[in-house]
Amino acid sequence: MIFEGLAEKLQNTLGKLKSKGKLNEKDVKDAMREVKLALLEADVNFKVVKEFVNKVKERAVGQEVMESLTPGQHVIKIVNEELTDLMGNVQSKISFASKPPTVIMLVGLQGAGKTTTGGKLGGLLKKQGKKPLLVACDVYRPAAIKQLQVVGNQLEIPVFSMGDKESPVNIAKEGINHALSHNNDVVIIDTAGRLHIDELLMDELKNIKTEVKPHEILLVIDSMTGQDAVNVAENFNEALGIDGVVLTKLDGDTRGGAALSVRSVTRKPIKFIGMGEKLDDLEAFHPDRMASRILG
Ligand code: GDP
């Protein structure tokens, strides 16, 4: 489960504060040192940890807390609020176009879960009454188009493809035309990924962005890769500009460093989380619910 170690450590540390009754500044400082270590062990970005701990400390040694009858409880509340804030505070939704189709472009490294997420997102939107179209723009990985078609078939969502001989920009443009003539109000573009970020990949994504002007560029990153995922997010955001993140494989991530760092590093929200391999394992991301997984 995500935040396994972190939850245990934070609950322990903050529990000790609670049982103390009155607190002094040293109590808070000692506790914050433990919180800092626990966050670092959970693979949270160093700068993010530092900022977080300073913020909590500043609030926790304030008069209101120190003079309260339940100061430990107060500190827990502050940690909870700051954790929620770290992950974006409020739920961030897809912004739908006023004039359909809404075009969502999925980008990310190979293996992050783009194709699977494309299907899952289509399924989620279909359940909400939308008529999504999946567009297969990964012309490099031989099995990618087929994989998207299999996913589309399972979900009964149409898949637009032009094989692997056309340019991804053309496929994306034709995909949108297809959506217009077939009444599809959401277009989900599955783009190619590579093992590493490289200029060719970015150039291709930039070209697609320029040509089709997507309403949402969602970056798919693998939660289990921790700080690497956060670096990938920073790079994609700088090179391409993203609107949000889909954090996949949370079901296999026990630490949670990416979930806690990515928003703060990129200033872009996590919009969805992948919780498993099945096609309905995609959920909207709620920062407050995530925070309460940590503090119980
Ligand atoms: P792509 O190369 O980015 O398109 O990645 P794929 O969609 O092919 O996914 C790579 C692997 O990750 C596949 O085996 C997926 O089943 C798996 N995967 C994707 N999302 C999740 C998730 O949320 N949880 C788990 N456990 N596996 C996932």
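The values are calculated or read from the model by the stated rules, or taken from the named source; none is laboratory data. Given the structure is predicted, the values throughout are model-derived calculations rather than measurements. Because the Cβ atoms are built from the backbone with ideal geometry, glycine has one as well, and the counts that use them run over all protein chains shown. Each accessible area value is taken on the protein alone, full model and side chains, heavy atoms only, with ligands, DNA and RNA left out. Shrake-Rupley method; radii C 1.70, N 1.55, O 1.52, S 1.80 Å.
If you go through segment 152-207 one residue at a time, how many are assigned to a loop (DSSP other than H, G, I, E, B) and within 18 Å of PRO142 (Cβ to Cβ)?
Going through segment 152-207 one residue at a time, the tally reaches 10.
Would you please list the contacts, defined by Cβ atoms under 9 Å and residues six or more apart or on different chains, that run from a residue in segment 277-296 that is within 20 Å of THR13 (Cα to Cα) and among the polar types (S, T, N, Q) to a residue that is outside any helix (DSSP H, G or I) and within 16 Å of the ligand (Cβ to nearest atom)?
Close Cβ pairs satisfying both conditions: none exist.
Does segment 229-247 include one or more residues that are within 13 Å of the ligand (Cβ to nearest atom), open to solvent by 10 Å² or more (accessible area, probe 1.4 Å), touching a residue at least 60 places away in the same chain (Cβ under 8 Å) and farther than 15 Å from LEU282 by Cβ?
yes
For segment 1-86, which helices (runs of 4 or more DSSP H) that fit wholly inside it have 2 or more residues that are within 28 Å of LYS249 (Cβ to Cβ)?
Correct list: 4-20, 25-41, 46-60, 71-86.
Yes/no per residue for (1) touching a residue at least 60 places away in the same chain (Cβ under 8 Å); (2) open to solvent by less than 10 Å² (accessible area, probe 1.4 Å):
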{"position": "LEU6", "(1), (2)": "yes, yes"}
{"position": "LEU14", "(1), (2)": "yes, yes"}
{"position": "LEU23", "(1), (2)": "no, no"}
{"position": "MET32", "(1), (2)": "no, yes"}
{"position": "ILE76", "(1), (2)": "yes, no"}
{"position": "GLU82", "(1), (2)": "no, no"}
{"position": "ILE94", "(1), (2)": "yes, no"}
{"position": "GLY113", "(1), (2)": "yes, no"}
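How about segment 215-228: which of its residues are open to solvent by less than 10 Å² (accessible area, probe 1.4 Å) and either basic (Lys, Arg) or not in a helix (DSSP H, G or I) (or both)? I'd like the intermediate steps shown before the answer.
First, the residues of segment 215-228 that are open to solvent by less than 10 Å² (accessible area, probe 1.4 Å): 216-221, 223, 226.
Within segment 215-228, GLU216, ILE217, LEU218, LEU219, VAL220, ILE221, GLY226 meet the criteria.
Any residue in segment 96-114 that is part of a helix (DSSP H, G or I), out of contact with any Gly (no Cβ under 7 Å at 6 or more places or on another chain) and not hydroxyl-bearing (Ser, Thr, Tyr)?
No, segment 96-114 contains no residue that is part of a helix (DSSP H, G or I), out of contact with any Gly (no Cβ under 7 Å at 6 or more places or on another chain) and not hydroxyl-bearing (Ser, Thr, Tyr).
From the set of residues in segment 53-74 that are at pLDDT below 95 and aliphatic (A, V, I, L, M), which is most open to solvent (accessible area, probe 1.4 Å)?
Top of the filtered list is LEU69.
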